[in-house]
Amino acid sequence: MNWEIAKNWLLVLFVVLDGLLGWQLYSSRQVMNGYAESQADLLANTKTLLAEHGLTLTSDVPTKQPDLASFQAQTKTPVLKDLQTAIFPRATKPQISNSVGQVSTDGGDITLLSDASWQVTFSKPQTLTSKRDSRSFAYQGDLYVTDSVDSTTKRVVFLQAYKDYPIFDSRLITNQTGNNLFSYTQSEIDSIRPTSDPKPVISALDALDSLANSVDKSEGQADNKILMVDLGFARKVPLYQTGVPTNYWFPVWRVATQGGTYYVNAFTGEVEIAP
């Protein structure tokens, strides 16, 4: 027997067999893709699961699944002089007391609060127009976007944005009536540094499924309506390294309901109740 010829035939047979197996795998995947559930079917399944746990979906569900990364940042408390210059640039003889964390001017007052935020109160209400909303009176107000979940006619909430997504715990909250702005409180983070490479987040439907599986409906309890589902960032409990708190923010799906707000980790599906 010519072993060289036999070896060549065996190589040919292996190549043909690999090709057939590859084609079979490709064909089976195409069939599976053909049987993949449509978005409408997935939505219907999620609604059924939510209903079993006392939740009723009344809002649109986002379909976008971007690549996002967690990040590390610091809460920011600006220097009082910088706040005064930005908020009351025309103030005459401002009185700045760093020891008590307060600025008094003829236009209003600035007070540093214990939670690394600050409050601004105007001596006279500031006029709001279609081209000038509350953000224009705030420190670095262009960093914030409107939060339609918590805003009312007397209390408008803005959220600091990063990569075009809101940071749910970095807020600008106003006290206003009609076209008059009376005061606001504000917080901000800076020194933002990604802690990982961006990766795909879970879908909003997967987040809602996780939420449904984490809550139980008590007997006789009325259904809890889901009012909005949106994607952003939320801070985890600070980790302490050498006695210094290190703050991390993770991508989350925020699920706002009549009974409260939930954050679903957009990587793991872990569910937390907003404080």
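I'd like to verify a number: residues in region 124-136 that are open to solvent by 20 Å² or more (accessible area, probe 1.4 Å) and within 23 Å of D190 (Cβ to Cβ), how many?
The number of residues fulfilling the criteria is 3.
Could you list, in sequence order, all residues of region 160-211 that are of a type in the set (V, I, T), within 16 Å of the chain's Cα centre (by Cα) and over 30 Å from I87 (Cα atoms)?
Listed by number, the residues that qualify are V201, I202.
Identify, please: which residue in region 89-123 is of a type in the set (S, T, N, Q), in a strand (DSSP E or B) and within 14 Å of Q186 (Cβ to Cβ) and is, among those, least open to solvent (accessible area, probe 1.4 Å)?
The qualifying residue least open to solvent (accessible area, probe 1.4 Å) is T111.
Looking only at region 179-187, decide whether some residue is over 28 Å from P89 (Cβ atoms), touching a residue at least 24 places away in the same chain (Cβ under 8 Å) and open to solvent by 40 Å² or more (accessible area, probe 1.4 Å).
The answer is no, given that none of the residues of region 179-187 is over 28 Å from P89 (Cβ atoms), touching a residue at least 24 places away in the same chain (Cβ under 8 Å) and open to solvent by 40 Å² or more (accessible area, probe 1.4 Å).
Quick one: would you say K47 is modelled with pLDDT of 85 or more, within 30 Å of T257 (Cα to Cα) and either open to solvent by 90 Å² or more (accessible area, probe 1.4 Å) or more than 38 Å from the chain's Cα centre (by Cα) (or both)?
Yes.
All but one of (1) among the aliphatic types (A, V, I, L, M); (2) outside any loop (DSSP other than H, G, I, E, B); (3) under 15 Å from L205 (Cβ atoms) hold for V61; which doesn't?
(2)
Just give me the residues in region 158-173 being without any contact (Cβ under 8 Å) to a residue 40 or more places away in the chain and either surrounded by fewer than 18 Cβ atoms within 10 Å (Cβ to Cβ) or touching a helix residue (DSSP H, G or I) at 6+ places or on another chain (Cβ under 9 Å) (or both), in sequence order.
Within region 158-173, F158, Q160, A161, D164, S170, L172 qualify.
Provide a single number: the residues in region 255-267 that are surrounded by fewer than 22 Cβ atoms within 10 Å (Cβ to Cβ) and in contact (Cβ under 8 Å) with a residue 60 or more places away in the chain.
Counting residues in region 255-267 that are surrounded by fewer than 22 Cβ atoms within 10 Å (Cβ to Cβ) and in contact (Cβ under 8 Å) with a residue 60 or more places away in the chain gives 4.
Counting only residues that are open to solvent by 60 Å² or more (accessible area, probe 1.4 Å) and among the basic types (K, R), which one in region 61-88 is farthest from F233 (Cα to Cα)?
Within region 61-88, the match that is farthest from F233 (Cα to Cα) is K81.
What are the residue pairs meeting all of these: first residue in region 55-84, first residue within 20 Å of N247 (Cβ to Cβ), second residue acidic (D, E), Cβ atoms under 6 Å, and 6 or more apart or on different chains?
Short answer, once both residue conditions are applied: K76/E188; K76/D190.
Out of D206, D230, report the one residue that is modelled with pLDDT of 95 or more and in contact with a Gly (Cβ under 7 Å, 6 or more places away or on another chain). Spell out the reasoning first.
Details: D230 fails: in contact with a Gly (Cβ under 7 Å, 6 or more places away or on another chain).
Testing whether each residue is modelled with pLDDT of 95 or more and in contact with a Gly (Cβ under 7 Å, 6 or more places away or on another chain) leaves just D206.
The values are calculated or read from the model by the stated rules, or taken from the named source; none is laboratory data. What you see is a predicted model; the values in this text were computed from it and never measured. Cβ sites come from the backbone with ideal geometry, for glycine too, and all protein chains shown count toward neighbours. Accessible surface is based on the protein model in full, side chains and every heavy atom, while ligands, DNA and RNA are left aside. Shrake-Rupley method; radii C 1.70, N 1.55, O 1.52, S 1.80 Å.
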